[in-house]
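The values are calculated or read from the model by the stated rules, or taken from the named source; none is laboratory data. Being a predicted model, the structure only gives us computed values, none of them experimental. Glycine gets a Cβ as well: all are built from the backbone with ideal geometry, and neighbour counts include every protein chain shown. Just the protein is used for accessible areas: all its heavy atoms, side chains included, with ligands, DNA and RNA removed. Shrake-Rupley method; radii C 1.70, N 1.55, O 1.52, S 1.80 Å.
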Amino acid sequence: MEFVQAVTAYQMTGDRHIIDVILEDVETDFLANTSRRYKTNFTHDISINLTSPEEYIAYRIKAIREKAVKRVFYIRKDSGWAHSEINRYLSIMVLDLRMRIPFKPVRHNDFGYEYTLTPEFTAWLREKNGRIERRFREEGFGSSFTQYQRALDVADRTEREAVIEETRIRAEVMADMVGALEYALKYADVSRSPREIVTYVNKALLTRYYEAQARRKGMRRVTVDGRRRMIAPFYEGAIRTILGVNSTEDYVYRRVSSKQADFLRELIGIVETDMAAGYCAAYHVLPDGEYLLSRKYAAEKTGLSYTTVKMRLLRIRKLITEKVA
């Protein structure tokens, strides 16, 4: 199925063939593509020649995902000494103990070897541990073997933690990317050329992905002075979240009827429970970042009509602000 035809099929019938193809292409080894190069010596922008529109979208998704995965460096950073130590002992194995290591070094010279400690490499070192210890002790490097074991334990543990975190990040990114891809393809203009569609989809992907990531961190999109931006909302207490005014519960209860007070107590319980649980999706966010209770949500939670909730809160707010004034 041609690209534009596949996008049209998704828009018209929900046929996910185009999405499946793109997600499969994400796992392509784009680094092996010999056309991939930096556009200039002064930029991080990369050009690459691919065979289909789907691959250009997949390439963008993978670039975003792998950039996110690089955040895991903080896990490995504190164990950098262990990697250096292990490579020193691996150099001893090769140069002094004449042991053959069936993995290709990243770099080497007459004085040392440097390897990347992949899970496969670490597993091989564990498997050959007895032989490695014998060779160390036979050549009088017994104390070095003890230090090597300590460094290997630290590096191995750190690498397992990093791999777990990388897997979590990749899954999180792809979950957000699927939603972003669905949105972008749904609203793509199929009267455009494949190249124009790809350009639109890739831009929309980036925007929707960062919005999804921001929401994961509790950020919300608001309009300020006619411009939309992401902000971190904050909670200023139940009364302010419900009424939008600064006041204490005691003061409010003294100014309203018993029926209004009971209504407010019910809403305060709802708001405090939600905020404690981190459930904020049903709340509006004001331009300054404050949460405001949605009247529609309040109606759903109390079983009252939207109009009843709205009018009660208007009357209560008027009482409070009049008294404050």
**OP:** Under 30 Å between C-alpha atoms is the cut-off here; go through the stretch 179-325 and count lysine pairs that meet it, provided they're at least eight residues apart or on different chains.
**Re:** 19
**OP:** Write out the trypsin sites (Lys or Arg not before Pro) in the stretch 102-168 meeting two conditions: DSSP loop, and at most 16 other Cβ atoms within 10 Å of their Cβ.
**Re:** Lys128
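If you stretched the chain out fully between Phe73 and Arg229, how much longer would it get, using 0.36 nm times the residue separation minus the C-alpha to C-alpha distance?
Value of the extension gain: 53.3 nm.
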Subject >> Sequence of His108, His83 when ordered by accessible area, the most exposed leading, probe 1.4 angstrom >> reply: His108, His83
**OP:** Grab the beta carbon distance between Asp96 and Ser47, set R0 = 45 Å, and tell me the FRET efficiency rounded to 0.05.
**Re:** 0.45
Original post:
Per-residue accessible area for Met311 at 1.4 Å probe radius, Å² rounded to 10?
Top reply: 80 Å²
Original post:
Where is the GNM fluctuation largest for the chain (alpha-carbon springs, 10 angstrom cutoff): Phe30, Phe234, Phe141?
Top reply: Phe141
Original post:
What is the Cα centroid distance between the stretch 97-140 and the stretch 217-237, reported in whole angstrom?
Top reply: 53 Å
Original post:
What does the convex hull of the alpha-carbon atoms of the chain project to on average, in nm²?
Top reply: 27.3 nm²
Original post:
Once you put a point 7 Å from the Cα of Arg137 and another 7 Å from the Cα of Lys310, both along the Cβ direction, what distance in nm separates them?
Top reply: 8.3 nm
Original post:
Counting Lys and Arg as +1 and Asp and Glu as -1, each charge on the Cβ, what is the dipole of the stretch 1-132 about the Cα centre in debye, to the nearest 20?
Top reply: 720 debye
**OP:** Pull out a ≥ b ≥ c, the square roots of the eigenvalues of the alpha-carbon gyration tensor of the stretch 105-177, then state rounded if a/c is under 1.5, prolate if not and a/b is larger than b/c, and oblate in the remaining case.
**Re:** prolate
**OP:** When a/c is below 1.5 the answer is rounded, else prolate if a/b is larger than b/c, else oblate, so apply that to the stretch 158-241 with a ≥ b ≥ c taken from the square roots of the Cα gyration tensor eigenvalues.
**Re:** oblate
**OP:** Could you grab the relative contact order for the stretch 141-276? Cα pairs under 8 Å, six or more apart, rounded to a whole percent.
**Re:** 13 percent
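Using a 1.4 angstrom probe on heavy atoms only, work out the carbon and sulfur share of the accessible area of the stretch 38-160 in %. Numbers along the way, then the final one.
Working: 3720 of 7600 Å².
Within the stretch 38-160, the accessible surface is 49 percent carbon and sulfur.
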Original post:
For the chain, what relative contact order do you get, as a whole percent, if you take Cα pairs closer than 8 Å and at least 6 residues apart?
Top reply: 14 percent
Original post:
Once amide H atoms are built 1.01 Å from N in the peptide plane, which residues 5 or more positions from Tyr113, or in another chain, come under 5 Å H to H?
Top reply: Ser91
**OP:** May I ask for the angle, rounded to the nearest 10°, between helix 194-216 and the longest principal axis of the chain, with both axes built from Cα atoms and the value confined to 0 to 90°?
**Re:** 70 degrees
Subject >> Selected from Glu161, Glu300, Glu24 as most flexible by GNM, with the chain as the system and alpha-carbon contacts under 10 Å >> reply: Glu300
Original post:
222 nm [θ] for the chain, helices only, -39500 (n - 2.57) per DSSP H run of 4+, per residue, to 500?
Top reply: -20500 deg cm²/dmol
Subject >> Whole-number Å³ per residue for the convex hull built on Cα positions in the stretch 184-228 >> reply: 84 Å³
**OP:** Please work out the FRET efficiency for the pair Arg265 and Asp288, using the Cβ-Cβ distance as r and a Förster radius of 30 Å; give the result to the nearest 0.05.
**Re:** 0.65
**OP:** State in Å² the accessible area per residue of the chain; use a 1.4 Å probe, count heavy atoms of protein chains only, and round to the nearest integer.
**Re:** 60 Å²
Original post:
Considering only Cys280, Thr241, Ser258, whose Cα is most displaced toward the positive end of the charge dipole of the stretch 181-293, charges sitting on Cβ of Lys, Arg (+1) and Asp, Glu (-1)?
Top reply: Cys280
